[in-house]
Amino acid sequence: VNSDENFGKLAVNLPIGKFQLVAIAHKADDPVTIESPDLASFSGKKVSDMVYASMTLDITTSKHAFSCPMERSVAAFTLNSKDVSPERAAAVRATFKKHCNYQFDPSTSFVPSAQEYSSTISFSSDGVGKVRKMTFYTLLDQAEQDDVEILVEMLDTEGEVFNSFDFQHVKLAHKKRTTYTGNLFSGDAEMDFTTEITSADGFADSGGNVEF
């Protein structure tokens with residue numbers, strides 16, 4: 001697509017026959033690699049919000065039009081800080097340890113196998129002295145999991161960890177958002193997070209939100 005007028009439209013020349021179509025639309029600078037009809041990978045192990053379509057096309061005439069509905073395949077994990085971001089805070093890293101992956105199978109919308117991986121979000125300088133909201137996206141091995149383990153680490157400007165939380169039994173759900181709210185930057189923060197699963201931005205409430 002080269003213009004807003006034709007956004008979401010694709011025209012290709014194909015011979016008569018059957019074909020497998022996989023299409024992914026996502027919001028990120030790095031591309032998603034479609035390696036095969038049953039495997040797609042996010043570059044840099046950083047999953048972004050996205051929608052996808054996977055369907056069989058049966059071309060029987062010289063001109064044929066298809067409508068390809070697209071749906072989300074990600075789970076959203078949002079961190080809301082109740083304390084303000086200090087100047088030394090440069091990034092947050094989340095390591096998904098169970099039931100997740102940065103690759104998925106478009107034919108099922110789930111991951112082919114779980115794999116531990118880490119993803120990092122860098123902070124903008126204009127957020128210093130303010131509360132922050134950070135959202136990680138991941139892909140699950142089934143529609144809902146209530147025992148995901150996520151290690152969250154706050155990084156300083158030297159890349160060193162100055163605060164961390166090892167969240168156990170996190171509830172994540174396909175196409176839904178889980179929100180953890182608490183003191184992320186304070187060194188003496190207690191594990192007193194609140195959890196909330198909401199339908200904001202098109203994501204339904206997952207039922208696993210926590211306040212700490």
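The values are calculated or read from the model by the stated rules, or taken from the named source; none is laboratory data. This structure is a prediction, so every number in the text was calculated from the model and none was measured. We place every Cβ from the backbone using ideal geometry, glycine too, and count neighbours over all the protein chains shown. Calculation scope for accessible area: heavy atoms of the full protein, side chains included, ligands and nucleic acids excluded. Shrake-Rupley method; radii C 1.70, N 1.55, O 1.52, S 1.80 Å.
Annotation for ASP83 and GLU144: the two label points, set 7 Å from Cα along the Cα-Cβ direction, are 3.4 nm apart. A crude spin-label estimate for the pair ALA25 and LYS45, with each label 7 Å from Cα along the Cβ direction, gives 3.0 nm. Going by accessible surface with a 1.4 Å probe and the largest first, ARG132, ARG88 read ARG88, ARG132. Annotation: average projected area of region 139-180 is 3.6 square nanometres, based on the convex hull of Cα atoms across all directions.
Roughly speaking, what is the centre-to-centre gap between region 43-69 and region 8-27 when only Cα atoms are used, to the nearest Å? Centre-to-centre (Cα) distance: 5 Å.
The share of C-alpha pairs in region 25-148 whose separation exceeds 26 Å stands at 34 percent.
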